[in-house]
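Readers should treat all values here as calculations from the given coordinates under stated rules, not as data from a laboratory. All values derive from a computational prediction rather than experimental measurement. Neighbour counts are summed over all protein chains in view; Cβ atoms, including those assigned to glycine, are modelled from backbone coordinates with ideal geometry.
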Amino acid sequence: MKQWLMGGMLLLYCVVAPAQTLNDLKNDGKNPEHVLTYGMGYHQQRYSTLNQINKRNVRRLVPIWNMSLNNDFGEQAQPFVYDGVMYVTNVKRTVAIDIATGRQLWQSESSWDPATARVVCCGLSTRGVAVYNGKVFVGTIDAHLKALDAKTGKEIWKVKLAEWKEGYSITSAPTVANGVLMQGMAGGEYGVRGFVDGYDPDTGKRLYRRHTTPDPGEKGSETWPAGDAYLKGGASTWMTGSHDPELDLVYWGTGNGGPWDPNARSPGDNLWMGAVIAMRPRTGEIVWHYQWTPSEPFDYDGINENVLADIRIDGVMRKVLMHADRNGFLYVLDRANGKLLAANAFVKQNWAERIDLATGRPVFSEVSKRLRAGEKVELWPRTTGGKNWPPMAFNPRTGLLYFTRLDEGMMIQYNPKLLDYKPGLRYTGAETARVPLKPGEPFGYYNAIDPLTGKPKWQVPLHDADIGMWAGTLSTAGGLLFTGKQTGEFIAMDEDGGKVLWKFQTGSAVNAQPVTYTHKGVQYVSVLSGIAGGTSVRLRAENIQRGGSVWTFALMPD
């Protein structure tokens, strides 16, 4: 009888669950029962107006369910929520969960050749799904994109984006913008050629491929030397773009060059690596671009999230894009045309003297020039940033950005002996080593930063005992900041000063992206736990056990 009842409940769910529309995606964040887009809104502010859980009562926050994901590779994904169902993914499977009970409704396995792990930089993980029109879209670690039936998990279609043996993979969430399913790719350390693809979400037919290194004769090709350097020039697109439906633009970051050594692809800026490109989602046309780091000679990437907001500058409301780059500068652009409005260092850096606001270009320092000339130099920040991929939050009420910044340097030198390109093998042309920290010196800070000045309103130091904070941040109208630690704690901080008001030990590292939503009038907070990331992160967290799971929290009744 119990078995029949559960089957009947699942059948009822399959029959009545409505499909998601473009208006649902555009309005994500306005309906608190749904989380339908990466970043909790096309703007990727990761801010919620919910305040049922707040500074006064967060001490009563308790776990209401936990579900194992049976995965030891790591969890970095954001949960998605629709009509009482949560969708989560990792490199092994995608799962639908009943929010009320934490019970699995269905799972869809992702199978791939174990040798794929050889060509995936910095850990086997993925960052989310896309949900649209009754389908769940998933990118796989071996560079495939598939559509699943949101009701049953049954595979509807599957397409191959590229060959994993040549270094291509997918670690980012897809997104749907103006009716087009868009997907980026990873592989910048392997001499790939970056791209963003657009697909018909109903059939999986590819509508276009926007390469992020231009073809000969195409606009931007003048920034490349003659020859085939552009074919292995990198500029991967491994973080999900943000979207402004009114301007009909998608803002996608591009990664490091292939190889890192710019002398192998000089002269020129090597567009569009280390940049943001503003694209038409229906066609892939690039409307404007801004290059954070011309010729990208440091492996600073440029893929960090581009947060959209309307803020007041010199008494005028401006539509802006905010970006904290691994190169150590915090940028504010006019998102309609790419005009630079502000660019300020937020960590120690010595690769540039400044960013020239008139030209929008950096003034490269003597240290950078010596590196290009073949010297071994001490460079700040390190390749990890600055700010790495874990997404920041923007609170429109406080006007501040909240994220972890990393204050680390590196020794770097280009090595021509590492420039032998072979498909599927690392292609960097550089050797690096971390600059040791002085005893007691923090390797970074969790901070609240003014986007227009790059100055922190407050900051909390992070020491080696903290192992690092590699989780995204969620900001709420309850005055709270939710994030996580490599040591396993999921924490809530006071937005006014960073004091930890609540914490819970999840059993493994929290390096994923929390979300909040309501179900039947109750506010929930959910996050994935499971150590993930590259070798250096794992070594510094050697006492943290693996094992992926989903945790969901709500207030304990008075």
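Key figures
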item: On Cα atoms only, tilt of 2-16 relative to the major axis of the chain in degrees; result: 60 degrees
item: Relative contact order [Cα under 8 Å, 6+ residues apart], segment 2-555, whole percent; result: 15 percent
item: Per DSSP, loop trypsin sites (Lys or Arg not before Pro) in segment 133-183 with at most 14 further Cβ within 10 Å; result: LYS154
item: Cβ-based exposure ranking for THR473, THR223, THR432, in which fewest neighbours within 10 Å come first; result: THR432, THR223, THR473
item: For segment 112-195, size of Cβ-based charge dipole, Lys and Arg +1, Asp and Glu -1, in debye; result: 220 debye
item: Two-decimal log10 I(q)/I(0) for segment 463-533, as the Debye equation yields it once each C-alpha is a single scatterer, q = 0.12, 0.16 Å⁻¹; result: -0.30, -0.53
item: Reachable lysines from LYS503, criterion Cα separation under 24 angstrom, eight or more residues apart if same chain; result: LYS55, LYS387, LYS457, LYS485
item: Rounded Å value of the spacing that divides the Cα centres of segment 242-280 and segment 502-531; result: 33 Å
item: Among (1) 75, 50, 50; (2) 71, 59, 44; (3) 93, 59, 47, the entry that matches Cα extents along the principal axes in Å as calculated here; result: (1)
item: Highest average packing first - 487-495, 454-462, 374-382, Cβ atoms within 10 Å; result: 487-495, 374-382, 454-462
item: Under-5 Å amide H pairs with ASP299, H placed in peptide plane, nonlocal only; result: GLY257
item: Charge dipole (segment 2-555, unit charges on Cβ, about Cα centre) - positive-most of GLY302, GLY74, PRO391; result: GLY74
item: Listed residues THR359, ASN54, SER110: farthest to the positive end of the dipole of the chain (Cβ charges); result: ASN54
item: Other-chain or far-sequence residues with amide H under 5 Å of LYS457's (modelled H); result: ALA448, ILE449, ASP450
item: Separation between Cα centres of segment 133-169 and segment 194-218, rounded to whole Å; result: 16 Å
item: Rounded to whole Hz, the Karplus (6.51, -1.76, 1.60) HN-Hα couplings of segment 26-43, x for glycine and proline; result: 4, 9, 4, x, 8, 9, x, 7, 10, 10, 10, 10, 5, x, 6, x, 4, 6
item: Between segment 482-497 and segment 306-348, the alpha-carbon center distance in angstrom; result: 26 Å
item: Structure-based [θ]222 nm, the chain - -39500 (n - 2.57) summed over DSSP H runs of at least 4, per residue, nearest 500; result: -1500 deg cm²/dmol
item: Amide H partners (placed H, <5 Å) of LEU161, local residues excluded; result: HIS144, LEU145
item: Shape of segment 58-159, Cα gyration tensor, a/c cut at 1.5; result: oblate
